[in-house]
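Data block below; observations after.
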Amino acid sequence: MSRKALITGVTGQDGAYLAELLLNKGYEVYGMVRRSASPEAMLERLRWIGVIDRVNIVLGDLLDLSSLIRVVRDVQPDEIYNLAAQSFVGASWDQPHLTGSVTALGVTNILEAVRIEAPKARFYQASSSEMYGRVQEPIQSETTPFYPRSPYAVAKMYGHWLTVNYRESYGLHASCGILFNHESPLRGLEFVTRKVTDAVAQIKLGKADKVELGNLDAKRDWGHARDYVDAMWRILQQDTPDDYVIATGRTVTVREMCDIAFKAAGLNYEDHVVVSEKFFRPAEVDILLGDPAKAKNAFGWEPTTTLEQMMTEMVQADLKRHGG
Ligand code: NDP
Ligand code: GDR
């Protein structure tokens with residue numbers, strides 16, 4: 001019998017790549033979505049990646065415990081990937097309460113549903129490198145102390161520690177992946193890499209001339225979502241639940257990332273990038289650089305895509321979207 005996986009946040013970037021990966025491995029995949037007035041738009045990423053007809057869509061919301069209990073009871077999954085969140089750091093200052101409700105307390109809801117209805121299931125929590133915030137060590141690993149710098153990061157810390165706590169309190173097979181930034185052609189348009197590749201495509205095709213960005217000096221450790229969902233799956237295949245950093249071990253500035261993206265279309269970023277105060281954050285995470293050694297030693301995970309390859313893939317996808 002094929003194994004069953006339940007993915008919350010299946011309509012997001014990672015949800016689409018993870019659904020594809022699990023389907024290719026022979027899983028029966030259930031994707032939880034919240035009710036929308038525009039279901040066609042909501043399912044766009046699953047359509048883009050070509051799995052829309054093979055994912056069983058179930059209705060639920062991280063804010064609604066009873067819906068989660070019903071979903072987990074009905075599906076009886078072997079593995080649960082909790083990817084759902086208000087995931088945009090910038091918006092977490094505009095909607096701090098909502099971010100806390102979904103990204104923090106939502107984890108309580110899904111863990112309760114698992115504890116009550118499927119205590120033998122394996123559970124994955126999408127933790128984040130944002131928790132390191134004002135970094136306490138130059139290279140961040142599983143033992144680096146956290147220092148969150150946004151309502152989003154504070155909420156992710158709650159979800160992280162609650163997952164550890166349910167593992168220790170109830171013996172759940174619950175693990176956290178502390179994932180550093182990962183991108184793809186399916187990245188949301190508000191995140192900086194995709195905002196840049198979308199602008200590159202429009203500029204190349206003569207539809208725009210400038211793109212306004214915020215802090216160009218911030219440094220991030222950027223990988224490809226396809227590699228990172230593979231790490232999620234590997235984390236849940238371990239006999240003992242545990243927490244793992246997933247990163248590339250290379251950090252570059254937003255400015256360098258722009259240079260790579262514009263060059264991929266034969267353009268010079270300095271001719272088109274305009275700095276605007278509007279996109280600066282009340283508190284910034286200046287630099288992130290992860291050490292994925294624990295994941296490599298435990299289950300042989302390594303990134304397979306360079307930043308240059310990924311930005312080129314994203315630029316090409318955006319050129320195609322814009323009719324190039
Ligand atoms: P996205 O923003 O692309 O996707 C978020 C998903 O959460 C969407 O499917 C969204 O549904 C869903 N969602 C939001 N609120 C609710 C709710 N109340 N109930 C049910 N579903 C909800 O995020 P990513 O795919 O990039 O990231 C996946 C997870 O990994 C997130 O938890 C994120 O915080 C975390 N993470 C991401 C990293 C990255 O670099 N991408 C790095 C580290 C962690 P809808 O379509 O309806 O809005
Ligand atoms: P981040 O990603 O906050 O790291 O969170 P984002 O792409 O939004 O920002 C990265 C860095 O770029 C700087 N920046 C800009 N950011 C955006 N969005 N728009 C701009 O115009 C801009 N100009 C400069 C930011 O200040 C920041 O320093 C992502 C999300 O996926 C989280 O859910 C996840 O947990 C973390 O990555 C790891």
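Observations on the model:
- Value of relative contact order over segment 19-59, rounded to a whole percent, pairs C-alpha under 8 Å and six or more apart: 54 percent
- Counting Lys and Arg as +1 and Asp and Glu as -1 over every other residue whose Cβ lies under 15 Å from the Cβ of residue 321, the net charge comes to +4.
- Near residue 278: Cβ cut-off under 15 Å, other residues only, Lys/Arg at +1 and Asp/Glu at -1. The net charge is -2.
- Put simply, when 275-284, 244-253 are sorted by average Cβ atoms within 10 angstrom per residue, most first, you get 244-253, 275-284.
- Surface share of carbon and sulfur [accessible, 1.4 angstrom probe, percent] for the chain: 49 percent
- Among beta bridges identified by DSSP and lying wholly in the chain, the antiparallel ones come to about 5 percent.
- Ratio of Rg to Rh over the chain (Cα coordinates, Kirkwood Rh, two decimals): 0.96
- Estimated FRET transfer efficiency (residue 66, residue 284; beta-carbon r; R0 41 Å; 0.05): 0.60
- The listed residues 1, 232 rank as 1, 232 when sorted by accessible area, largest first, using a 1.4 Å probe.
- Relative contact order of the chain, pairs being alpha-carbon contacts under 8 Å that are 6 or more residues apart, as %: 17 percent
- Approximate spin-label separation residue 298-residue 97, in nm, with each point projected 7 Å along Cα-to-Cβ: 3.7 nm
- Accessible area in square angstrom per residue, the chain, 1.4 angstrom probe: 43 Å²
- Between residue 56 and residue 76, the contour length at 0.36 nm per residue exceeds the alpha carbon distance by 5.9 nm.
- Solvent exposure of residue 306, expressed as accessible area, is near 70 Å², computed with a probe of 1.4 Å over the protein chains only.
- Extension gain, residue 137 to residue 189: 0.36 nm times the residue separation minus the Cα-Cα distance gives 15.6 nm.
- Rounded to the nearest 0.05, the FRET efficiency derived from the C-beta distance between residue 37 and residue 161 at R0 = 41 Å is 0.70.
The values are calculated or read from the model by the stated rules, or taken from the named source; none is laboratory data. Since the structure is predicted, the reported quantities are computational estimates derived from the model, not experimental observations. Note that we place each Cβ from the backbone using ideal geometry, even for glycine, and neighbour counts take in every protein chain shown. Just so you know, the surface numbers come from the protein's heavy atoms only, side chains and all, with ligands and any DNA or RNA stripped out. Shrake-Rupley method; radii C 1.70, N 1.55, O 1.52, S 1.80 Å.
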